[in-house]
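Presented below is the structure to which this report refers.
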Amino acid sequence: MKGTAVKIACIAWGSLLWEPGPLKLASGWRPDGPLLPLEFVRDSDDSDELALVLHEPAPPMPTWWALLDTTDLDAAREMLRQREKIRLEYPQWVGSIPNPHGPVDMRVSAWMSDRGIDAAVWTALPAKFAKVSERAPSPHEAVAYLAGLQGEVRAHAEQYVRKIPKEIDTLYRRVFEERLGWTPQG
């Protein structure tokens, strides 16, 4: 898509909403993104939070979107890669359309066509737990992991969960609320 003027959206559901970092947004976040399967099933590479990521077994949840201040899909992908600290050897962890190929891509593609958006990018990190990529913790393992954190590390993990928009009401979030008292902030 180089050289072609396009409207590119970034789809988000987690910390991008409150810390977009190097993403250059051309609009504010809008609450009518595609419904995507999300769950707290990734222990983060650079902190001890359990990140909310795409997880195909999970039910569809609301997402948000904003237009990016670029018309180049490669530039949009690179902005998101840098923001998410995704290593170059994992280009598949930055999802993008055109060229849909999986279930999430098809959902995003259908959503885009309703809004006149030409391209989209999103974070496509897989589940990861106990340093095993593509392994999702059970709800019990997730609670035990978070309950075992202490001090500032625990406070950071709690803030992450609590800042996720309340509309994203996943099974794990309900378990965190019940067992840890971590209710949404807003």
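Points worth noting:
- Any hit, the stretch 88-102, residues being assigned to a strand (DSSP E or B) and farther than 20 Å from Glu19 by Cβ: yes
- In the set (1) in contact with a Lys or Arg (Cβ under 8 Å, 6 or more places away or on another chain); (2) farther than 30 Å from Ala155 by Cα, Val53 fails one condition alone, (2).
- Test: residue in the stretch 110-120 that is within 13 Å of Asp43 (Cβ to Cβ), touching a Lys or Arg at 6+ places or on another chain (Cβ under 9 Å) and crowded, with 16+ Cβ neighbours inside 10 Å: no
- Considering only residues in the stretch 103-154 that are of a type in the set (Val, Ile, Thr) and touching a residue at least 40 places away in the same chain (Cβ under 8 Å), the one that is nearest to Pro34 (Cα to Cα) turns out to be Val108.
- From the list Leu38, Leu67, Leu125, the one residue that fits, being within 30 Å of Ala147 (Cα to Cα) and either part of a strand (DSSP E or B) or among the basic types (Lys, Arg) (or both), is Leu38.
- Complete set of residues in the stretch 160-186 that are surrounded by fewer than 15 Cβ atoms within 10 Å (Cβ to Cβ) and either in contact with a Ser or Thr (Cβ under 8 Å, 6 or more places away or on another chain) or without any contact (Cβ under 8 Å) to a residue 40 or more places away in the chain (or both): Lys166, Arg174, Glu178, Gly181, Thr183, Gln185, Gly186
Every number in this text was worked out from the coordinates using simple rules, so none of it is lab data. All of these numbers come straight from a predicted model, not from anything done at the bench. Every residue, glycine among them, receives a Cβ derived from its backbone with ideal geometry; neighbour counts consider all protein chains shown.
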